[in-house]
Protein chains: 4
Amino acid sequence: MTIKNQKEKDILEAAVKVFSRNGYHSSKMQEIADQASVGKGTLYEYFKGKSHLFEEMMVYCMDKYIDELKNGINKSKNIEDILMDIARFHGKFLKDHLDMVQTFMNNTTNISDDIRCKAFAHRELLINTITSYIEEAKESGSIRKDIDEKVCAMTLFGTLNQFYTNKIYIEKEEFQDIDPYPIVDIILNGIK
Amino acid sequence: MTIKNQKEKDILEAAVKVFSRNGYHSSKMQEIADQASVGKGTLYEYFKGKSHLFEEMMVYCMDKYIDELKNGINKSKNIEDILMDIARFHGKFLKDHLDMVQTFMNNTTNISDDIRCKAFAHRELLINTITSYIEEAKESGSIRKDIDEKVCAMTLFGTLNQFYTNKIYIEKEEFQDIDPYPIVDIILNGIK
Amino acid sequence: MTIKNQKEKDILEAAVKVFSRNGYHSSKMQEIADQASVGKGTLYEYFKGKSHLFEEMMVYCMDKYIDELKNGINKSKNIEDILMDIARFHGKFLKDHLDMVQTFMNNTTNISDDIRCKAFAHRELLINTITSYIEEAKESGSIRKDIDEKVCAMTLFGTLNQFYTNKIYIEKEEFQDIDPYPIVDIILNGIK
Amino acid sequence: MTIKNQKEKDILEAAVKVFSRNGYHSSKMQEIADQASVGKGTLYEYFKGKSHLFEEMMVYCMDKYIDELKNGINKSKNIEDILMDIARFHGKFLKDHLDMVQTFMNNTTNISDDIRCKAFAHRELLINTITSYIEEAKESGSIRKDIDEKVCAMTLFGTLNQFYTNKIYIEKEEFQDIDPYPIVDIILNGIK
DNA sequence: CATGAATGAGGCTTCATTCAT
DNA sequence: TATGAATGAAGCCTCATTCAT
């Protein structure tokens, strides 16, 4: 997907906001149109329908996440710094784009099989990006050889989501105040 | 919630199946009624409405999960065995009640604020149950004193979900074939 | 209609209360059953269905009204006393059976054509009863010979309803405090 | 309420027809849409829901009645002419807008308390308009000083409704053939 | 006789999508 | 290209009625 023009981007940003606020089914095309300051019909000039808009929004979010992740991580660092970077990046990304990420993370079930599949594929892509960092660290020798890098990425990713979701929704903490070190510590050193 | 009679249980089991298949919004009361082999009106004899049925189903799932978890874990074992037990239990529970757990794990966004809150509260309860196991292990000295047991529980829980979700939806593996040891290994020993 | 037994009467009295409170469509069979302290199914032992129960209730009310009217009016009195008697009786009947009369008066439109016709027929019967009093008074010479007794009855009846409805619903007056003399005065003496 | 455009008016006119035919509860939104030759959804573009449409229709009828009443009565006439004018107007209005008036007059019970209150308030407004005519006649000396003008208005109004309802539904007379003089005669001169 | 659990037809309402302007 | 008025399919829920006990 290439963003054709500013209006398409406006609609995507509006979609991110609205879908994030309400989830897929509770979001109305009218609300997205209002948020984007365009007419309802205009949405259909740029996107085939609601589910298409949702998918495009997911891709848009994904790209943004991965782009920013790539720019935010300094590969030369050691594994501990990399994990902390990823964790902090995840936190910062949540802080800046909370709505996007939450939408992306949570909208897996209450949508059609088709969209659900695409969502999983996107999530996979994201995990693969993290996996590649682990892989490099493994090759450089800073982590054990017998670690499956994908399992490791999933551990990190799943934990971060669980952790931040909890902090946000249950403990109502501010992002800047959340210290991801306990998680990184467990992943690095184990609990034993 | 106490289950008054068999029909109420039938409806709950049907609700679990249908909500799990389609998520909250895509599930139709008619479909749940069909699945339970009762008339549509009968649902309303037992539950005030769709959202009420969903909530009751969540509680029903939670209770089942926690009950079975408590029965499935032998507390006298060492921490490694406990983690493997929890992991295997999670896997077995997914195998037996895949639909329930997935519904419970994923329906967080596309629902009303009210239901979402309850869902988070239930998830919290579940994590607390796992936390208590970690706590005991910590007290018995089998894990480091500086570990936050809740962070540890979240790490385990988030990872297991991520891991199994991936195995099921992406890699299409059978539950009995999934070995959770790599995850337990990371959590126990770290990746370094 | 002859009232078979006490239970049938209980149901009719309950129907009067409930239909009066809520009108035809907002009254539920369950509520009538509760009010009569019988099971919902029992209603159908005595009445074919809701509309049948409504009709029977109307007849029951009508009979009660006419019976009480006949007993309450002393025919030997002069026309002024008769009109005041009818007015006061209407007032007292409203006081004692407000619910019945209001139901009877107002449920003309929001019901099926069939029931509506019966309601009109009942209303006609009621007006005819009043008409007969006017007729006697006309024959006894206490009112003008050129008065159409039915128009007179309708004037009285229509006015009383308008008057009492207004007092009850708009001015919230108590029945015993309502003096119908102004109406009787107008009908007797005119406004000129 | 200001009528925004022709379509809103079409819907209101359709609502008048349908509600009049069937009453509130037996009228279906689909039937109103069909009568107005619009889609069912269009009703909801103009009115929040069924009860809102009903209320707006009542106001629409009221305004129409009062407007036409004000234009149809020549205030300079004596009281007899005024009463005959009001009676004939009521008859003509019934002839032209039978459905509206009947709906307005009869839908008092089978509706929610909220709507019922509004209906009473509207009826009150209508009676007040008639009252004002009586008041003027009283001030001009053409009727007795001891007449309560509101009681008089209610007498006229209640009687006309009773009278015309009877003629239409029981005697099936045509409007143009109904002579309201007998009523006016009673009100003017009394029955004595 | 009496009951009330079970039923399903029917209606209000929502909202994604279309299309004339 | 941009719009938003119009649409109608679809779903939740109510409640009169039935019937097994």
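Computed quantities for the displayed model
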| quantity | calculated |
| --- | --- |
| Residues within the stretch B:22-57 that are within 20 Å of B:Ala121 (Cβ to Cβ), in a helix (DSSP H, G or I) and not polar (S, T, N, Q), tallied | 9 |
| Qualifying residues in the stretch D:1-16 (those that are assigned to a helix (DSSP H, G or I) and not acidic (Asp, Glu)) - the one farthest from DNA strand E (Cβ to nearest atom) | D:Lys9 |
| Checklist (1) away from chain A (no Cβ under 14 Å); (2) at pLDDT below 85; (3) within 16 Å of DNA strand F (Cβ to nearest atom) applied to B:Phe93, failing item | (3) |
| Test for C:Lys40: is it within 14 Å of chain D (Cβ to nearest Cβ) and at pLDDT 90 or above | no |
| Where C:Gln30 falls short, out of the listed (1) within 16 Å of DNA strand F (Cβ to nearest atom); (2) surrounded by 15 or more Cβ atoms within 10 Å (Cβ to Cβ) | (2) |
| Extreme residue, farthest from B:Leu125 (Cα to Cα), among residues of the stretch B:139-192 that are among the basic types (Lys, Arg) and facing chain A (nearest Cβ under 9 Å) | B:Lys192 |
| Residue within the stretch D:58-81 that is within 16 Å of DNA strand F (Cβ to nearest atom), in contact with an Asp or Glu (Cβ under 7 Å, 6 or more places away or on another chain) and either in contact (Cβ under 8 Å) with a residue 40 or more places away in the chain or in a helix (DSSP H, G or I) (or both) present | no |
| Residue satisfying all of: in the stretch A:1-16; β-branched (Val, Ile, Thr) and modelled with pLDDT under 95; farthest from DNA strand F (Cβ to nearest atom) among these | A:Val16 |
| Residues located in the stretch D:53-64, provided they are away from DNA strand E (no atom under 11 Å from the Cβ) and away from chain C (no Cβ under 14 Å) | D:Glu55, D:Glu56, D:Val59, D:Tyr60, D:Met62, D:Asp63, D:Lys64 |
| Qualifying residue in the stretch D:31-52 (condition: closer than 22 Å to C:Asn22 by Cβ, within 8 Å of DNA strand E (Cβ to nearest atom) and hydrophobic (A, V, I, L, M, F, W, C)) | no |
| Of the criteria (1) within 13 Å of DNA strand E (Cβ to nearest atom); (2) modelled with pLDDT under 95; (3) more than 24 Å from D:Ile168 (Cα to Cα); (4) part of a helix (DSSP H, G or I), which one D:Phe19 fails | (3) |
| Residues (without any contact (Cβ under 8 Å) to a residue 12 or more places away in the chain, in a loop (DSSP other than H, G, I, E, B) and open to solvent by 20 Å² or more (accessible area, probe 1.4 Å)) located in the stretch A:141-192 | A:Gly141, A:Arg144, A:Lys145, A:Asp146, A:Asp148, A:Glu171, A:Lys172, A:Glu173, A:Glu174, A:Asp179, A:Lys192 |
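The values are calculated or read from the model by the stated rules, or taken from the named source; none is laboratory data. What you see is a predicted model, and the numbers here were worked out from it, not measured in a lab. Cβ atoms come from the backbone with ideal geometry, glycine included; neighbour counts cover every protein chain shown. Protein only, heavy atoms only, side chains kept; ligands, DNA and RNA dropped before computing areas. Shrake-Rupley method; radii C 1.70, N 1.55, O 1.52, S 1.80 Å.
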